[in-house]
Amino acid sequence: MDYARQILCLITVGLSLVYGQQQYFRVQPRDVKVREGGEAMLECEVANLAGQVQWAKEGFTLGFWSVIPSLPRHSVIVDRRHGIFNLRVSNVSLEDDAKYECQVGPARSHKAIRARVRLNVISPPSSVEILDHRHNSTVEIKENEEFHLECRVRNAKPAAKIVWYRGNVELNIPNRDDQIIEVTWKNWHKRVTRYDTHSRISLKPTAEDDQAEYTCEARHEALSSDIPMRTTVQLSVFHPPGLPYIEGYTEAKTIRRGQTVELACRSRGGNPPAQLIWYKNDKQIRMAYKTAARVSKNVYTFTADASDNKARYKCESSNIMSKSPLRAEVDMTVLFSPARVTISGKTEAKVGDLVTLTCTTANSNPPAEMKWMVAGRQIRNATSRTVASPEGGWITTSNITAVVEPNRTSLVVTCHGLNMQLRENVVSTHTINVLYPPNPPFIHGYRYTERSYIPSGTMQKISCTSYGGNPLATLTWYKNDKKINSIIKTTDKSVTAEITIVTNVTDNKARYRCEAANSAIDIPLFEDITMNVYFPPDYVTIRKDPVELKPNEQATLTCDSGSSNPPAKILWWRDGILVQGLYNTTKAGLHGGTVSTIELKLNITEQLNGIVYTCQATNEALRRSALDTITLQVLYKPVFDKDNEEAVTGVEGEPLIVSLKADGSPQNIAYTWTKDGLPIIQSSTGSGVERIISDGPVLNITRLSRHDAGTYTCEAINSQGSSVTQINIAVQYEVPPSNSSPSLDEENLKNFPDFLITVGGTIVGTLLIIMKVLLIGCFLHRRSKKRISEQSNQTCTSATIELCAPNSHNDTVTGVTLSSVNEKSATYSNEGSNNDYVEDGPKQPDYPGAHPVCPSYEPQMQPNMVHKNHTIPCPHHHHQHETHDGTRARDNQSLDFQATMTGN
């Protein structure tokens, strides 16, 4: 093989000598490494150039032009004279990472030459991260608990290297787990590869690792060393705090009560920082603390007092990692004198009494010494004893017995409690009052004797005074053994109690007592007075027997007055007129007064209903009276008014209202109307379309019919019984005319003056008519006198009478008044009758359902007879022959008559 190569070389040399020097690469192309995004220059320089030069990429030629259309970032820098054909790649990307070849083609005696070169493109990592943790975040973990940190560097070419740091110190961890992952994808049919680097370390941190920083750094040849790519996390290692310690007091130190003490408890370390709590004798007193630089501090400031002596102050520190709190404690010693001394014993005594007194100190450290002073003299035979106080320190108690000497008003005793170590003295004073009885009290300001009297309502000021005594007397007023308030006035030697009263009935025979008492006497001293008070009766009461009053019975009215002093005088009055009473008696009343009673006998009649009786009781000494009245209510059944009409007359087709009046007690009267035994509908139960209806004592016929004539019965009922009355209603109606004149019935003329006269057309007929008119005029004149006399008794009934005559010589018109069966009306019609009979009266009362009367007629009514008067409207005449116009005048205030004479 070597021999063949030598032969080939000799042949080549020989040929070159024959044909001249061959083309060759003056600058041999070299491999180039460039960072992604940079610019690469692949050099190619040819000496003795003869052939054409082009570049190839991965075996694909790029052409002979300096501009390569398919690869716009690629271009060839050409200097043919010097044989320079450099390939420039701009904005290098990973797709440009490939093998390139500079090719020189053959020419004449020159053979083709080529040279290969590699473009190596490097890319820095895109990111570095510690998985599951952000940059500069804190990782919380418990002490001695194993955990892992995993770092990932992405998208590097070639693969990056990972370096771990703790703080600024590079870690050399032999058991770290590193892994390179190839990430490949296609771009323009070219496979592009990048690399991810993973590194995982395991840690088991301790308290020293708390707040330590762990950093993952990516190292790569494409990265600048001045700006490393790294990410950092900080460890927060939970661990218990350090042992607490107390500053500000040591057990050898002594403090005094009232001194300000500041105890500071501190604890270092611990994550989270320690929680510090102060306790006094195992009772929590403060838990507010501060933390700075992982040092916790709780300061408790207080003023020392007796309770702090031998008190144990304890500080506990703990956090979530503590299995049990750590503690530090001190026992405090406090010196203090007793806050007070207290003397107990009697505060009052009589001369010569032996009084035992006890003086007790509050707790003291050390125990206090006791000293007694009585009336300025020291007592040396006092006994003392000391006991431990549950609140700390000691309590000392001392006893003495003192004798109360005469000629003193008080005895002053002093007790001293002395703390010798602190040189503090506490003093208490006790005063014993020496008792003396007061003088008896006396009452003044009351001007009346036992035989004189005070009018009720008089203001009285009464005073009670007592002199002397130690202490001064306590004055108390009583009214009939009931304590009452008073105004107390005190001087050096006396005391006065004043009461102000306005006398009333309760003061009569009342005993007012003033008592004086103090500690020197067992039974109070007193003085009393008894009052005599005039007072009138405060009420009068009338009783009746029986309770219900009925006619034809005898009743008794009894009047009782209230208690009065002197006794009241009682009088009866009837409607303001004095009435003599019977059986005026008296008896003892309230408050020492007298009750008076008087009776009045009555024979009960209906006329006594509504009568007012008054009873008057008068205290003549005071000229004051009391009254009571009673209105009699006599119960009786309804009684119809005697002035009620017994018969009324109406006109057919016109309304008619009949009103009755009845009186009874009680006045709640119910009315029922009947006709021929059949009830008439009442307005409260009617439908509103009935023609005949009753409303209490009123009968309302809205349109009268001839069949309504007859007798109507009205019954009035109340709780005492019932009464019945009847009223006869007659109905006037028009009779059709006839050619023959009916004969005049004298019996009917006597009983019913209301009729019509038939007028003939002859002289004889005329004379007969004149005679009959005169006869009727005489009759009406006699009735007019009777009615005028009745008007004075307010029992009259007024009516309108009309006499009608035909207006044709062949016609006869007869007017007939319809009454009950076989009866004629007592109302008449006549021309020229006495005008005094017809009077102007008030309008017809407006009853419910009533209709207006005929305007051609004026209702005739008497005063005070509104419910008894009725209007009788005139009938309307209709003539069969109307060829002759007859004029008929009608006057509402008089009776008219017109007759027309006809001839054959």
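The values are calculated or read from the model by the stated rules, or taken from the named source; none is laboratory data. Keep in mind that this is a model prediction, so the values were computed, not measured. With ideal geometry, Cβ positions are generated from the backbone for all residues, glycine too; neighbour counts draw on all protein chains shown. The accessibility values were calculated without ligands, DNA or RNA, using every heavy atom of the protein model including side chains. Shrake-Rupley method; radii C 1.70, N 1.55, O 1.52, S 1.80 Å.
Do the conditions hold for T301, that is, is it part of a strand (DSSP E or B), loosely packed, with under 15 Cβ neighbours inside 10 Å and at pLDDT 90 or above?
The answer is yes for T301.
Would you confirm, using the coordinates I've provided, whether T386 is closer than 30 Å to I255 by Cβ and either modelled with pLDDT under 85 or open to solvent by 40 Å² or more (accessible area, probe 1.4 Å) (or both)?
yes
Could you list, in sequence order, all residues of the range 485-523 that are free of Cβ contacts under 8 Å to residues at least 12 places away in the same chain, assigned to a loop (DSSP other than H, G, I, E, B) and not acidic (D, E)?
Within the range 485-523, T491, I523 meet the criteria.
I need the strands (runs of 3 or more DSSP E) fully contained in the range 312-425, keeping only those with at least 2 residues that are of a type in the set (V, I, T) and either in contact with a His (Cβ under 8 Å, 6 or more places away or on another chain) or under 30 Å from R268 (Cα atoms) (or both).
341-344, 410-419
Between P124, P69, which is over 60 Å from the mean Cα position of the chain (by Cα) and open to solvent by 80 Å² or more (accessible area, probe 1.4 Å)?
P69
In the range 358-374, which residues are more than 13 Å from H416 (Cβ to Cβ) and either free of Cβ contacts under 8 Å to residues at least 24 places away in the same chain or in contact with a Lys or Arg (Cβ under 8 Å, 6 or more places away or on another chain) (or both)?
Hit for the range 358-374 is A362, nothing else.
Report, by residue number, each residue of the range 247-269 that is modelled with pLDDT of 90 or more and touching a Lys or Arg at 6+ places or on another chain (Cβ under 9 Å).
If the condition is that a residue be modelled with pLDDT of 90 or more and touching a Lys or Arg at 6+ places or on another chain (Cβ under 9 Å), then E247, A264, C265, R266, S267, R268 are the ones that fit.
Just a yes or no: is a residue in the range 172-182 in contact with a Pro (Cβ under 7 Å, 6 or more places away or on another chain), surrounded by 12 or more Cβ atoms within 10 Å (Cβ to Cβ) and without any contact (Cβ under 8 Å) to a residue 60 or more places away in the chain?
no
What pairs come up if the first residue lies in the range 453-477 and is open to solvent by 10 Å² or more (accessible area, probe 1.4 Å), the second is assigned to a loop (DSSP other than H, G, I, E, B) and among the β-branched types (V, I, T), and their beta carbons are under 7 Å apart, counting only those six or more places apart or on different chains?
Partner pairs satisfying both residue conditions: S456/T503; G457/T503; T458/T503; N470/T409.
Among the residues of the range 432-455, is any over 28 Å from D522 (Cα atoms), within 57 Å of the chain's Cα centre (by Cα) and part of a strand (DSSP E or B)?
yes
Give the residues of the range 323-361 that are of a type in the set (G, A, S), open to solvent by less than 30 Å² (accessible area, probe 1.4 Å) and either under 14 Å from H430 (Cβ atoms) or at pLDDT below 90 (or both), sorted by residue number.
S337, A349
If the requirement is being of a type in the set (V, I, T), under 58 Å from the mean Cα position of the chain (by Cα) and in a strand (DSSP E or B), which of these qualifies: T476, T429? Break it down into steps so the answer makes sense when it comes.
Values: T429 fails: under 58 Å from the mean Cα position of the chain (by Cα).
Criteria check complete, one pass: T476.
Count, please, the residues in the range 631-649 that happen to be open to solvent by 30 Å² or more (accessible area, probe 1.4 Å) and closer than 19 Å to K550 by Cβ.
Summing the residues that are open to solvent by 30 Å² or more (accessible area, probe 1.4 Å) and closer than 19 Å to K550 by Cβ in the range 631-649 gives 4.
Which condition number does P273 fail, the rest of (1) under 30 Å from I130 (Cα atoms); (2) open to solvent by 40 Å² or more (accessible area, probe 1.4 Å); (3) part of a strand (DSSP E or B); (4) of a type outside the set (A, V, I, L, M, F, W, C) being met?
Every listed condition holds for P273 apart from (3).
Return the pairs, sorted by first residue and then second, in which the second residue is open to solvent by 80 Å² or more (accessible area, probe 1.4 Å) and of a type in the set (K, R), the first residue lies in the range 135-164 and is in contact (Cβ under 8 Å) with a residue 60 or more places away in the chain, the beta carbons are less than 8 Å apart, and the residues are 6+ apart or on different chains.
N144/K204; E145/K204; L149/R200; C151/R200; A160/R219
Whether any residue in the range 644-655 is closer than 29 Å to Q554 by Cα, assigned to a loop (DSSP other than H, G, I, E, B) and modelled with pLDDT of 90 or more is what I want to check.
Within the range 644-655 (the criterion being closer than 29 Å to Q554 by Cα, assigned to a loop (DSSP other than H, G, I, E, B) and modelled with pLDDT of 90 or more), the answer is no, since none of the residues qualifies.
If only one of A218, A222 is hydrophobic (A, V, I, L, M, F, W, C), open to solvent by less than 30 Å² (accessible area, probe 1.4 Å) and at pLDDT below 90, which one is it?
Numbers: A218 fails: at pLDDT below 90.
Just one listed residue meets the conditions, A222.
Which condition number in (1) of a type outside the set (D, E); (2) surrounded by 15 or more Cβ atoms within 10 Å (Cβ to Cβ); (3) part of a strand (DSSP E or B) is the one that Q726 fails?
Of everything listed in (1) of a type outside the set (D, E); (2) surrounded by 15 or more Cβ atoms within 10 Å (Cβ to Cβ); (3) part of a strand (DSSP E or B), Q726 misses just condition (2).
Anything in the range 29-46 that is touching a Gly at 6+ places or on another chain (Cβ under 6 Å) and not acidic (D, E)? List them, or say none.
Hit for the range 29-46 is V46, nothing else.
Please give the number of the condition G445 fails out of (1) buried (at least 17 other Cβ atoms within 10 Å of the Cβ); (2) more than 21 Å from A349 (Cα to Cα); (3) touching a residue at least 40 places away in the same chain (Cβ under 8 Å).
Condition not satisfied by G445: (1).
From (1) β-branched (V, I, T); (2) closer than 30 Å to L422 by Cβ; (3) out of contact with any Asp or Glu (no Cβ under 9 Å at 6 or more places or on another chain), pick out the condition that doesn't hold for I320.
(2)
Taking the range 550-562 on its own, how many of its residues are closer than 15 Å to N584 by Cα and in contact (Cβ under 8 Å) with a residue 40 or more places away in the chain? Full working, then the answer.
Residues of the range 550-562 closer than 15 Å to N584 by Cα: 556-562.
Next cut, in contact (Cβ under 8 Å) with a residue 40 or more places away in the chain only: 556-559, 561-562.
Count: 6.
Mind telling me which of the residues L627, L622 ends up being under 30 Å from T458 (Cβ atoms), open to solvent by 20 Å² or more (accessible area, probe 1.4 Å) and assigned to a loop (DSSP other than H, G, I, E, B)?
Working: L627 fails: assigned to a loop (DSSP other than H, G, I, E, B).
Every option except L622 fails the conditions.
In this structure, is L600 of a type in the set (A, V, I, L, M, F, W, C), in contact with a Phe, Trp or Tyr (Cβ under 8 Å, 6 or more places away or on another chain), part of a strand (DSSP E or B) and surrounded by 15 or more Cβ atoms within 10 Å (Cβ to Cβ)?
yes
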